[in-house]
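The values are calculated or read from the model by the stated rules, or taken from the named source; none is laboratory data. If you're wondering where the values come from, they're calculated on a predicted model, not measured in any experiment. Virtual Cβ from ideal backbone geometry, glycine too; neighbours counted across all protein chains shown.
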Amino acid sequence: MITLSVVDQSPVPHGSTATEALRATVALARTVERLGYRRYWLAEHHNTASLAGTAPEVLTAHVASRTTTIRVGAGGVLLPYYRPLKVAESFRVLHALFPDRIDLGLGRAAGADEAAAEALRSQPEALTDKEYPARVAEVVELLHGHPDDDHGAGEVRALPEAPGAPEVWVLSSSSYGAGLAAGLGLRFCFAHFVTPAFGAQTVAGYRRRFRPSPQCPHPVAALGVSVICADTDAEAERLAISQDVWRLRPEGAGRGPLLPVEDAEAQPVSRMERTQLAQDRPKRVVGAPDRVHAALLALAADHETDELVVLTVCHDPGARQRSYELLADAFALTQRTAPAGAGDGLPG
């Protein structure tokens, strides 16, 4: 049985504001919780007017406070920019506020143009393959300290102490990330929407090389998939045009808000850009519910996973919400779980 989850980049439509985009993120989280989605992840991007999610730990707190049962977390924190202790403490606070609902996804993609990456980077070697595994291991070690441990004078702990810890995931589109997750005994999410090629082999390699750990005794793999679902194939293809044009722009400050479909259709597209778009299309599943359902089942089977983390980016927030509603119906999520309510503030 397939489980559906969400990763949200908080896209900013043209003519809207970042504040409205963040409100749409909260509204979508409440909707998908009611529909039966399992988790809701907030992404991290910098120096782009098209995506409002720059601080996933802040958004995690807000979204978790406005929902009641769905797991919420970062998809993911770009660890090369931060010290492990700060990340671990932020997510221990979240875990204390929302026990057994918090996920910490860790990634090493730039998530920014070079200017922003340089401004964020704490050390020149922070993005290297040599440095990153040690940072991930340190975050895990800090998160899984226990209140009854004997701590020596001067030993650093991630506080506050509370039973349990957030679920830790490694998010990656490469065999490097899969190998890291396997070696540390962590959950793994393959970013199909970034690099779909060799995904099945990458996930299989993760399972084959997995070393059990106290926090994850068995391999757990999910697949991040870009999806636009609409009532008809034609409408879904039409909605995808906004993202097509958006993806042609350079990442970072030059990538503006998502254009309405009508404006995107009017944009000139060169022959080379059309080729690029054709090459990018395998990164997305676009269509009516039956078509999308079949494609997602095939992807899940190919990657031997039962959890899909769905990313939907289009100009109209209503169409984005409708896409998730149609997916929930196609996979009969609401028949599996009772509708969940939504809280109005921090528990306490």
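Just give me the residues in region 272-298 being buried (at least 19 other Cβ atoms within 10 Å of the Cβ) and closer than 16 Å to residue 248 by Cβ, in sequence order.
The answer is 284, and nothing else.
Filter region 304-338 down to residues that are of a type outside the set (A, V, I, L, M, F, W, C) and surrounded by fewer than 16 Cβ atoms within 10 Å (Cβ to Cβ), then give me how many there are.
The qualifying residues number 9.
Residue by residue, here is whether (1) of a type in the set (Asp, Glu); (2) modelled with pLDDT of 95 or more; (3) over 30 Å from residue 51 (Cβ atoms); (4) touching a Leu at 6+ places or on another chain (Cβ under 7 Å) holds:
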residue	(1), (2), (3), (4)
106	no, yes, no, yes
146	no, no, yes, no
163	no, no, yes, no
191	no, yes, no, yes
194	no, no, no, no
204	no, yes, yes, no
211	no, yes, yes, no
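Please list, ordered by first then second residue, the pairs with beta carbon atoms under 7 Å, 6 or more apart or interchain, first in region 161-174 and in contact (Cβ under 8 Å) with a residue 60 or more places away in the chain, second part of a strand (DSSP E or B) and of a type in the set (Asp, Glu).
Going by the 7 Å Cβ cut-off, the qualifying pairs are 166/103; 167/103; 169/103.
Let me spell it out: the conditions are (1) crowded, with 16+ Cβ neighbours inside 10 Å; (2) without any contact (Cβ under 8 Å) to a residue 12 or more places away in the chain, and residue 155 meets all of them except one. Which number is the exception?
The number of the failed condition is (1).
Residues to consider are 226, 242; find the one that is modelled with pLDDT of 90 or more, touching a strand residue (DSSP E or B) at 6+ places or on another chain (Cβ under 9 Å) and either of a type in the set (Phe, Trp, Tyr) or part of a helix (DSSP H, G or I) (or both).
Residue meeting the stated conditions: 242.
Is it fair to say residue 301 is within 24 Å of the chain's Cα centre (by Cα), surrounded by fewer than 16 Cβ atoms within 10 Å (Cβ to Cβ) and at pLDDT 85 or above?
The answer is yes for residue 301.
So which residues in region 112-124 are at pLDDT below 70 and either out of contact with any helix residue (DSSP H, G or I) (no Cβ under 9 Å at 6 or more places or on another chain) or among the hydroxyl-bearing types (Ser, Thr, Tyr) (or both)?
113, 122, 124
Pull up region 317-333, narrow it to residues that are in a helix (DSSP H, G or I) and out of contact with any helix residue (DSSP H, G or I) (no Cβ under 9 Å at 6 or more places or on another chain), then point me to the one that is farthest from residue 17 (Cα to Cα).
So the residue we want is 322.
Which of the residues belonging to region 176-223 are under 17 Å from residue 7 (Cα atoms) and outside any loop (DSSP other than H, G, I, E, B)?
Selection gives 187, 188, 189, 190, 191, 221, 222, 223.
Given the conditions (1) closer than 30 Å to residue 202 by Cα; (2) more than 23 Å from the chain's Cα centre (by Cα); (3) in a loop (DSSP other than H, G, I, E, B); (4) not charged (D, E, K, R), and given that residue 275 satisfies all but one, which numbered condition is not satisfied?
Failing condition for residue 275: (3).
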